[in-house]
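Trainee: First, the structure itself, so that you have it in front of you.
The values are calculated or read from the model by the stated rules, or taken from the named source; none is laboratory data. What you see is a predicted model; the values in this text were computed from it and never measured. As a convention, Cβ positions derive from the backbone with ideal geometry for all residues, glycine included, and neighbour counts pool all protein chains shown. For the accessible areas, the whole protein counts, side chains as well, though only heavy atoms, and no ligand, DNA or RNA atoms are used. Shrake-Rupley method; radii C 1.70, N 1.55, O 1.52, S 1.80 Å.
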Amino acid sequence: MCVEQIGLSTKNEKSVENSYYVAMTPHPDQSRRAFFLERAGRLFLYDLPEPGSSDYLPSDGGSTFLDISHLVAQGVEQGAVGIAFHPDYPRNGRFFVSFTCDSSVNSDCKAAVCGCYKDVDCTPEKVQAANPDGKWGAGDLCRNVTVVAEFSACSDTLCTPAKISQQSSIEPTIVRYIVRLGQPFINNNGGQIRFGADGMLYVMLGDGGGEWDPLGLAQNPKAFQGKVLRLDVLNGISEPDDNEISSRGLLGAYGIPPDNPYAFAWEWRGEVFALGFHDPWKCTFDLLRPSVMMCGDVGWTKWEEVDVVTSGGNYGWKWFEGREYANASEQRPVTNYMQPSFQYVWRNTTSVVGGFYERGYEDACLYGRYIFSDSNNQFYVATENPPYSGAFPLGSQPLNVSCSPSSPIQCPTQGLYRPNFGSVSAWGQDINGTLYTLTQLGVFRLTQPSNCNFTCRQEFPPGPDPRVDPASDLTVLTTFGADTTPPPPAGGAGSGGAGSGTMPPTTGGSSSGDTSSGDTSSSSSSSSSSSSSSSSSTTSAHNTSYWLKLGGIVLGILLFVIAICCFCLIRGYREGKKKDDAFLEFQMADMQQPLQGEGDEDMYYDEEGNYIGPDGEEDEVYDPDAMGADDDGTGTYYNEGDEHGHGDGDGGTVMDDGATEYGQRSVHSGYDGGGGYAESELGSEYTGAGHGGVYQGGGVRGDGMSDVQSEYTAQDDWTDGGSYYGRR
């Protein structure tokens, strides 16, 4: 790997120990400019030197875009951490900076949520017990605060893309606080931020510090520490007041995306996207596949690791370090455990620094490979196999790095030829995909291998620019690179990739260094290049096919249920209508036929439902005012006397011997005829051979239980009147 130095470390008299860059991002307006964030709290905007030129970045602070050093707490693991520009920055000017703040000095950054509280089983006594000598910070609990604050490049309401692009310096006025999380200790706080292709803001947080996560926050679903958070800040949500933030338990002004894996799980913080991290340092999205997130996670005493971060994934800490149990005597299962994509042996005072997939056009032997480093001058390369699969079966391999003799700034060296980078703090990438290394000694950029007399026999993949190939974008971040294979026993893991836990650690070699290593690089990279298009298309087609099949099944079930419901409703309606029509037809037919009986052949109902008497005149069917009629009991609904036929007529009295409940000649009576509802002296329930009634003699049950004691007399069910209502 050949590099050139294009910048020195910053000069900051106020904070000498933090005068180096920790983040770089290209200007959102797609110009050849980039922002560089200094650990001490200054943000610089530089024009990037053209490749092959002798130009380099200034270091006198003359291009300071923003200075918040007065807000930033200074310390070994404190300071400014990350910068992220709103996806619509060219039009709205919104951007975000993350940093640590001492709330005892700056009261404005007082924690909205203290990371140590009763819901996470954390008490001041536990914090004190885990830090008896004050090594990890002293003072009030949660005095040290991780902050994500929003700023604006718009100076007025008439902000235009041209004004935003031309803006060279802004006032350090915080628009709103997105995150204010109180930390129990000053180390392992993380705090890097990035926007994903989905427009959400990702916040990477360490376990809160101390040794071995003494408070168990990384695996605690109620804690924010040891997690990657996913927040919605796209809509410019106004900062709620302190009471609302406190009542809702929020870290600041943001929304919780409903598609977060734990958005509706009451026992979880809805902001959590992934968990089980020790101290995620530098997470990045692939320029070619912007939904693929790679994170370096700092180890403790055994392994440094790099993870493909997926929704809901659990990366094991504090129960796992790398693929091993962190403590052999304390082995616990981890739900949704995701093994590292690759790991390497921890060396004293070093820590992993997550990098990028190389997407520039400087070195074809490195194109498409993941490049990263540790903090102590060692660079690594890892290759996916198959391409675009998220699997790294060969793990990571050390890179042989040299500095170009034509470098704009002569590289410092250690030994005869090896460049001295100092401590590596971060990696960057410009709009063309070219990689940059940020160190305590300056800024280094990847250049053509021929500048270092290296030979690469590999050519760049033919065809259209693969950086804009939509077929290779793995948009489902829940399956890419997933590996849930149980880890091997302690001591059995190596530095291999996902699923290769028994591979011994790699101790040397180069992926793209001198000519001797070029053949290996050429072969591997050739395979990667030649099959990149087909593999990426296959992977995307597989994901698309899966979701189409699942959607088809769900849609089919839904349509089947709807069809069954419609069938039942239609059938019920038809059956009900059929019964209603049959009853109406039967009733009308009955009402129109003559009421045959002893001399009453001419009695019937006409088409309008009027009762026609023997004299051919319309008779009275129902007269509520007539409580009685002639002694023969004819012509009234109720017989003589009261409602139950009380009187001297043929109907008699209620429950009298041989009497009826409603009288003998009532119309539409329930129990008409000579027998009554009550038992008579003849001993039958339905007595007499009366004429008329639904269940009385001449009705449905024929002559009823007559005095001859037969259940059904010689007359059939519809005799003695021949109608449903019998003789009236």
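Trainee: Which one is least open to solvent (accessible area, probe 1.4 Å), of the residues in the range 90-112 that are farther than 27 Å from SER351 by Cβ and part of a loop (DSSP other than H, G, I, E, B)?
Mentor: Pass one, the range 90-112, residues farther than 27 Å from SER351 by Cβ: 90-95, 104-108, 110, 112.
From what's left, part of a loop (DSSP other than H, G, I, E, B): 93, 104-106, 110, 112.
Values: GLY93: 0, SER104: 75, VAL105: 117, ASN106: 24, LYS110: 138, ALA112: 30 Å².
So, considering only residues that are farther than 27 Å from SER351 by Cβ and part of a loop (DSSP other than H, G, I, E, B), the one least open to solvent (accessible area, probe 1.4 Å) is GLY93.
Trainee: Inside the range 361-379, can you point out the residues that are hydroxyl-bearing (Ser, Thr, Tyr) and either open to solvent by less than 10 Å² (accessible area, probe 1.4 Å) or farther than 21 Å from GLU459 by Cα (or both)? Show your work before the answer.
Mentor: Initial filter on the range 361-379 (hydroxyl-bearing (Ser, Thr, Tyr)): 361, 367, 370, 373, 375.
TYR370, SER373, SER375, listed by residue number.
Trainee: Tell me whether the range 60-71 contains one or more residues that are modelled with pLDDT of 90 or more, farther than 29 Å from GLY196 by Cβ, open to solvent by 10 Å² or more (accessible area, probe 1.4 Å) and not polar (S, T, N, Q).
Mentor: Checked against the condition, which is being modelled with pLDDT of 90 or more, farther than 29 Å from GLY196 by Cβ, open to solvent by 10 Å² or more (accessible area, probe 1.4 Å) and not polar (S, T, N, Q), the range 60-71 yields at least one hit.
Trainee: Do we have any residue at all in the range 341-360 that's of a type in the set (D, E, K, R), open to solvent by less than 10 Å² (accessible area, probe 1.4 Å) and out of contact with any His (no Cβ under 6 Å at 6 or more places or on another chain)?
Mentor: Residues of the range 341-360 that are of a type in the set (D, E, K, R), as a first pass: 347, 358-359.
Now restrict to residues that are open to solvent by less than 10 Å² (accessible area, probe 1.4 Å): 358-359.
Applying the additional criterion that residues be out of contact with any His (no Cβ under 6 Å at 6 or more places or on another chain) yields 358-359.
Scanning the range 341-360, I find at least one residue that is of a type in the set (D, E, K, R), open to solvent by less than 10 Å² (accessible area, probe 1.4 Å) and out of contact with any His (no Cβ under 6 Å at 6 or more places or on another chain), so the answer is yes.
Trainee: Return yes when THR310 is open to solvent by 20 Å² or more (accessible area, probe 1.4 Å) and not small (Gly, Ala, Ser) and no when it is not.
Mentor: Details: open to solvent by 20 Å² or more (accessible area, probe 1.4 Å): no; not small (Gly, Ala, Ser): yes.
Considered against the rule, which asks whether it is open to solvent by 20 Å² or more (accessible area, probe 1.4 Å) and not small (Gly, Ala, Ser), THR310 comes out as no.
Trainee: Given the conditions (1) touching a His at 6+ places or on another chain (Cβ under 8 Å); (2) surrounded by fewer than 20 Cβ atoms within 10 Å (Cβ to Cβ); (3) not hydroxyl-bearing (Ser, Thr, Tyr), and given that ASP55 satisfies all but one, which numbered condition is not satisfied?
Mentor: Condition (1) is where ASP55 drops out.
Trainee: Residues in the range 415-433 that are in a strand (DSSP E or B) and of a type in the set (Asp, Glu): how many?
Mentor: Initial filter on the range 415-433 (in a strand (DSSP E or B)): 418-419, 424-429.
Subsequent filtering for residues that are of a type in the set (Asp, Glu) retains none.
Of the residues in the range 415-433, 0 are in a strand (DSSP E or B) and of a type in the set (Asp, Glu).
Trainee: Within the range 138-164, can you find the residues that are buried (at least 21 other Cβ atoms within 10 Å of the Cβ) and among the small types (Gly, Ala, Ser)?
Mentor: ALA149, ALA153
Trainee: Also: Take the conditions under 27 Å from the mean Cα position of the chain (by Cα), among the charged types (D, E, K, R) and open to solvent by 60 Å² or more (accessible area, probe 1.4 Å) and apply them to ASP133. Does it pass? Walk me through it before giving the result.
Mentor: Details: under 27 Å from the mean Cα position of the chain (by Cα): no; among the charged types (D, E, K, R): yes; open to solvent by 60 Å² or more (accessible area, probe 1.4 Å): yes.
For ASP133, the condition - under 27 Å from the mean Cα position of the chain (by Cα), among the charged types (D, E, K, R) and open to solvent by 60 Å² or more (accessible area, probe 1.4 Å) - is not met.
A quick yes/no check of all residues on (1) farther than 24 Å from THR10 by Cβ; (2) modelled with pLDDT of 95 or more; (3) open to solvent by 30 Å² or more (accessible area, probe 1.4 Å):
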site	(1), (2), (3)
PRO398	yes, no, no
SER406	yes, no, yes
VAL424	no, no, no
TRP427	no, yes, no
LEU435	no, yes, no
GLY442	no, no, no
GLN448	yes, no, yes
THR455	yes, no, yes
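Trainee: Further question: What tally of residues in the range 5-29 results from selecting those that are surrounded by fewer than 23 Cβ atoms within 10 Å (Cβ to Cβ) and at pLDDT below 90?
Mentor: Total meeting the criteria: 9.
Trainee: Can you name the residue in the range 208-237 that is within 20 Å of ASN131 (Cα to Cα) and of a type in the set (Gly, Ala, Ser) and is also most open to solvent (accessible area, probe 1.4 Å) among such residues?
Mentor: GLY216
Trainee: Hey, another quick one. Of these, SER155, SER165, which one is touching a helix residue (DSSP H, G or I) at 6+ places or on another chain (Cβ under 9 Å), modelled with pLDDT under 90 and among the small types (Gly, Ala, Ser)?
Mentor: Values: SER165 fails: modelled with pLDDT under 90.
Every option except SER155 fails the conditions.
Trainee: Of all residues in the range 72-89, which are within 26 Å of ALA162 (Cα to Cα), part of a strand (DSSP E or B) and either open to solvent by less than 20 Å² (accessible area, probe 1.4 Å) or not aromatic (Phe, Trp, Tyr) (or both)?
Mentor: Filtering the range 72-89 for residues within 26 Å of ALA162 (Cα to Cα) gives 82-89.
Restricting the remaining residues to those that are part of a strand (DSSP E or B) gives 82-85.
Residues satisfying the conditions are GLY82, ILE83, ALA84.
Trainee: For the range 336-414, give me every one of the strands (runs of 3 or more DSSP E) that falls completely inside it and has 1 or more residues that are aliphatic (A, V, I, L, M). Give the steps one after another, and end with the answer.
Mentor: Working: elements: 342-345, 352-357, 370-374, 379-382, 396-398.
So the answer is 342-345, 352-357, 370-374, 379-382.
Trainee: How many of the residues making up the range 119-149 are out of contact with any Cys (no Cβ under 7 Å at 6 or more places or on another chain), outside any strand (DSSP E or B) and under 28 Å from ARG176 (Cβ atoms)?
Mentor: Of the residues in the range 119-149, the ones out of contact with any Cys (no Cβ under 7 Å at 6 or more places or on another chain) are 119-121, 123-126, 128-140, 143-144, 146, 148-149.
Cutting the leftovers down to outside any strand (DSSP E or B) gives us 119-121, 123-126, 128-140, 143.
Pick out the ones that are also under 28 Å from ARG176 (Cβ atoms) and you get 119-120, 137, 139-140, 143.
Total meeting the criteria: 6.
Trainee: Hey, among SER341, SER329, SER311, which residue is at pLDDT below 90, more than 13 Å from PRO280 (Cα to Cα) and among the small types (Gly, Ala, Ser)?
Mentor: On the way: SER341 fails: at pLDDT below 90; SER311 fails: at pLDDT below 90.
Just one listed residue meets the conditions, SER329.
Trainee: Right, here's the next one. Restricting attention to the range 323-339, does a residue exist that is farther than 30 Å from ASN432 by Cα, buried (at least 24 other Cβ atoms within 10 Å of the Cβ), in contact with a Phe, Trp or Tyr (Cβ under 9 Å, 6 or more places away or on another chain) and not basic (Lys, Arg)? Explain how you work it out, then say what you get.
Mentor: Taking the range 323-339 as the starting set, the residues that turn out to be farther than 30 Å from ASN432 by Cα are 323-339.
Right, trim to buried (at least 24 other Cβ atoms within 10 Å of the Cβ) and you get 323, 338-339.
Retained after the next criterion (residues that are in contact with a Phe, Trp or Tyr (Cβ under 9 Å, 6 or more places away or on another chain)): 323, 338-339.
This time we only want the ones that are not basic (Lys, Arg), so: 338-339.
Yes, there is a match, as at least one residue in the range 323-339 is farther than 30 Å from ASN432 by Cα, buried (at least 24 other Cβ atoms within 10 Å of the Cβ), in contact with a Phe, Trp or Tyr (Cβ under 9 Å, 6 or more places away or on another chain) and not basic (Lys, Arg).
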